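See below for the structure under consideration.
Every number in this text was worked out from the coordinates using simple rules, so none of it is lab data. Keep in mind that this is a model prediction, so the values were computed, not measured. All Cβ positions, even for glycine, are placed from backbone atoms using ideal geometry, and neighbour counts span all protein chains on display.
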Amino acid sequence: MTVVSIGKADARKRAWEAAAAVPDPEVPCVTVADLGILRSVEMEGDVAVARVTPTYSGCPATLAIEMAIEVALREAGFEVRIERVIAPAWTTDWITEEGREKLRAYGIAPPVDASNSVRSLFGETVVACPRCASTETERISEFGSTPCKALYRCIACKEPFDYFKCL
Amino acid sequence: MEIRDALFRQLLRLADDCLVLGHRVSEWCGHAPILEEDMAMPNMALDLIGQARSLYAYAGEVEGKGRGEDDLAYLRSDREYGNLLLVERPNGDFAQTMLRQLYFAAFMEPYWREAQASADETLAGIAGKAVKEMAYHIRHAGEWVIRMGDGTEESAQRMADAVEALAPYTDELFETDTVTQTLVAAGLAPDPASLRAEWDRTIDMVFSEARLTSPEVRYPQTGGRAGLHGEDLGHLLSDLQYMQRTYPGLNW
């Protein structure tokens, strides 16, 4: 019987691809890699170690995301360990360009400003409608269907839409 | 005081603040005046409870006696809770809830901002996340305080009543003791007293738009950090801890 030895770099690449393809449970149009939640996948011997950063402190999806990544890696044939890293804190700046495009196509306006622009008082952000691109929009609610989104309405095309808040 | 002990106690105080306020805010779920607020309230409660979980989990590690987040949240009595009296105040009406949120967030936002420079990496990490969440809480609560304070006769009266009721609980935010002093000396956590000027500026800015004035507080209410609470905390904990007290060790 021949023992097939997979090179370490190859295993790491396969593990990354398996984990990176996991969709976000609340926003399934983007993957955990698109969102920048999956920080890295490294091989420690035969164990794939995935490092995951939660979005919001109280994001209820954190556990579901970790479990989905674990399942994906196990199905790809790896032993798995998930590590939750909180420093540095996740920021919307880590959402990839591809991720932003996918959000827009899905009908969610991606975060417009850099995270360091969050103003605690009297700040208003101009958000373009993901459907008609008009900037004539208004905020309906600071908090939307999930902790990471706010609810907006487009004045031009009248459609309500979610806005992925800057964090 | 030993640094480790001080860190454990401060982490618990912060966690207790977040959990107790998170529980209070969650009580609005299904009762908020409009649908948007019915979503906003549980979202903010989630931020706070999430922060509490990270803090309890880390406090348990620092203590090193095998206690986890559930043990610390569900199996301590009110006298062992070190939260501020402000956060345990009952929700009252919407004006009181929003003012309580503004008072607290206007303190915690600069607290977390400075705690990002903590020599303790885990605390700095928790702070990095929490500071951004608190910025949203200030904005949300600030907008409501302005809208109600500068609103109808009734809303303005309710806002003014809320200020009268809650202002006596704000001095406690800035209290220092051997716990905070030990941590400041070790470069681990900010000095609460040093945040007063910024808190005053934020509150003044909102109050001037809201046509509210801060009353002179003659008898500041204090004692929460030392475990001396009002009756209301006991009622809150009996609800919060019911399941673990009735079925010890119960797991979902």
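Worth a mention:
- Set of lysines with alpha-carbon distance to residue A:102 below 26 Å, sequence-local pairs under 8 removed: A:13, A:149, A:158, A:165, B:129, B:132
- Dmax and Rg, reported as Rg then Dmax, of the stretch B:120-252 (C-alpha, Å): 18.6, 51
- Cα→Cβ-extended label distance, 7 Å offset, between residue B:157 and residue B:29, nm: 3.4
- Calculated mean residue ellipticity, 222 nm, chain A: -7500 deg cm²/dmol, from DSSP H runs (n ≥ 4) at -39500 (n - 2.57) each, averaged per residue and rounded to 500.
- Among B:187, B:66, B:230: highest mean-square fluctuation, GNM of chain B, C-alpha pairs under 10 Å: B:66
- The GNM of chain B, with springs linking C-alpha atoms under 10 angstrom apart, assigns the highest mean-square fluctuation among B:37, B:133, B:109 to B:37.
- Extension gain (nm, one decimal) between residue B:235 and residue B:61, 0.36 nm per residue minus Cα-Cα: 59.8 nm
- Extending 7 Å from the Cα toward the beta-carbon at both residue B:218 and residue A:112 defines two label points whose distance is 5.0 nm.
- Leading residue at positive end of dipole, the stretch B:1-135 (Cβ point charges), from B:134, B:48, B:84: B:84
- Residues with amide H under 5 Å from that of residue B:27, placed H, sequence gap 5 or more: none
- Per-residue ellipticity at 222 nm from helix content only, as computed over chain B with -39500 (n - 2.57) for each DSSP H run of at least four residues, stands at -21500 deg cm²/dmol.
- Förster radius 35 Å - calculated FRET efficiency between residue B:1 and residue A:82 (Cβ-Cβ, nearest 0.05): 0.45
- Top of B:137, B:235, B:23 by mean-square fluctuation, Gaussian network on chain B, Cα under 10 Å: B:235
- Counting only DSSP beta bridges with both residues in the protein assembly as shown, the antiparallel share comes to about 65 percent.
- Potential extension, residue A:139-residue A:13 segment - 0.36 nm per residue separation minus Cα distance: 41.2 nm
- With loop membership from DSSP and a limit of 16 other Cβ atoms within 10 Å, the longest segment of chain A without trypsin sites (Lys or Arg not before Pro) is A:1-118.
- Between the amide H of residue B:188 and those of B:119, distances stay under 5 Å, these residues lying 5 or more places away or on another chain, with hydrogens modeled in the peptide plane.
- Summing Cβ point charges (Lys, Arg +1; Asp, Glu -1) relative to the Cα centre of chain A gives a dipole of roughly 140 debye.
- Counting every alpha-carbon pair across the stretch B:3-246, the share separated by more than 30 Å comes to 21%.
- Whole-Hz Karplus values for the stretch B:159-173 come out as 5, 4, 5, 5, 4, 4, 6, 9, 3, x, 9, 8, 4, 4, 4 Hz, taken residue by residue from phi with 6.51 cos²θ - 1.76 cosθ + 1.60 and θ = phi - 60°; glycine and proline positions read x.
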